[in-house]
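The values are calculated or read from the model by the stated rules, or taken from the named source; none is laboratory data. Owing to the predicted nature of the structure, the values given are computational and were not obtained by experimental measurement. So basically every Cβ, Gly included, is an ideal-geometry build from the backbone, and we count neighbours across all protein chains shown. Protein only, heavy atoms only, side chains kept; ligands, DNA and RNA dropped before computing areas. Shrake-Rupley method; radii C 1.70, N 1.55, O 1.52, S 1.80 Å.
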Amino acid sequence: MFGLIGHSTSFKDARLKAMELGYDHIAEGDLDVWCSAPPQLVEHVKVVSPSGNTIEGAYIDSCFVPEMLGRFKAARRKVLNAMELAQKKGINITALGGFTSIIFENFNLLQHKNIRNTTLEWERFTTGNTHTAWVICRQLEINAPSIGIDLKKSRVAVVGATGDIGSAICRWLSRRTGVAELILVARQEKPLLELQNELGGGRILGLKDALPEADVVVWVASMPRTLEIDSSKLRNPCLMIDGGYPKNLDGKVSGEGVHVLKGGIVEFFNDIGWNMMALAEMEKPQRQMFACFAEAMLLEFENCHTNFSWGRNNITLEKMDFIGEASVRNGFKTLNLNNPYQAAAA
Ligand code: NDP
């Protein structure tokens, strides 16, 4: 059985969803009430692969909302309680979706193995970042040429280059895709220099200087809501892959030749018959999902019950190959610009 741990995109959405599911007492509560609300297993689902392989899964809402990010103890409790529930339900492999994997890493939850009388077994969990990184690389390779960008002659900026997903993307782009120049963007200098050294190349630039130079910009950082981008300085054509969370780039950039693609999203070959992705505002919620969620499904399909993506900057090209092949074999394809709602220039 696979599991997905997720959360609503805002406190307002979470309250609406709770009302819809009949949890009125929680829905009406303020943020303090929500901080102490337990996780809920809200949905069971069966998924059948193109070859007829059937797996079962469950969606757990952690009852975390992004408004809790500043409340360290509440955020930590939400993630650990949801993981405990997944384990108690006997789920073999559970993906940490949305902000939950970032909270796990950034708040160093590895040291909190014991929750009440449960000892968390890390091998039952995955961040899903390997599949996310592979999907974003494929989205870049498929969609850049479709809008006239020749990757061999192009500059690609990775914003969040030193992160878990960003560093994997940089490795793939420099060793597999082969782009003319890789531009590395993040705030801290030391990890940037270490990455540059590991890659044996890549130019380090600040965000403002990188944007006007890049034919493709891959966003794999959670950017502040206040971030403003001067669209008139972007190249034409320019492909922007919005791989961060929340996905809010389409509201920040516009202009001729600027194409925004939601990054790290896959589409299953068939309708799944679940409700959970309506929460995440997918265009086709019966088929589309975050690649990190799909990773748990893939590991279940492949009978690979292990914490496949775990820790920071451990994603190898071999692991990306493995999960990428499993993705294609089990009926997933990447979200591309030729979907009608994505095709229009932003
Ligand atoms: P990490 O925390 O490992 O990395 C974040 C990276 O972003 C670091 O390089 C960090 O470097 C950089 N960064 C953060 N803030 C800024 C800023 N203001 N300007 C420039 N760089 C910045 O995160 P992950 O790699 O695990 O995840 C990256 C993003 O992908 C997250 O937003 C996450 O929510 C999202 N994600 C999306 C998925 C999907 O859509 N399917 C699945 C999983 C994750 P520094 O601190 O030095 O600036």
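Things worth noting here:
- Heavy-atom accessible surface of the chain: percent carbon and sulfur, 1.4 Å: 48 percent
- Largest first, the residues 48, 260 sort by 1.4 Å accessible area into 48, 260.
- Here the peptides 67-73, 238-244 are ranked by packing, the mean other Cβ count within 10 Å, and the order with the highest first is 238-244, 67-73.
- Fraction of beta bridges assigned by DSSP in the chain that are antiparallel (%, nearest 5): 35 percent
- Screening the chain for whole DSSP H helices of 27 Å or more along their axis (Cα) with average Kyte-Doolittle hydropathy at least 0.5 returns none.
- Per residue, in Å², the accessible surface of the stretch 238-298 once ligands and nucleic acids are set aside, probe 1.4 Å: 32 Å²
- Considering only 294, 86, 27, the Gaussian network model of the chain with Cα springs below 10 Å gives its largest mean-square fluctuation to 27.
- Residue 183 long-range amide H proximity, modeled H, under 5 Å: 156, 157, 158, 203
- Within the listed set 291, 186, 278, the residue fluctuating most in the Gaussian network model of the chain (springs between alpha-carbon atoms under 10 angstrom) is 278.
- Taking 10 °C and 1.306 mPa s as conditions, the stretch 2-126 diffuses translationally at an estimated 106 µm²/s according to Stokes-Einstein applied to its Kirkwood radius (Cα pairs).
- Pairwise centroid distance, computed over Cα atoms, of the stretch 61-106 with the stretch 265-296, Å: 20 Å
- 5 angstrom amide H check on residue 115, placed H, neighbours 5+ away: 120
- Accessible area per residue in Å² at 1.4 Å probe, computed on the stretch 1-129: 44 Å²
- Cβ-based charge dipole, the stretch 2-126, positive-most Cα from 74, 50, 122: 122
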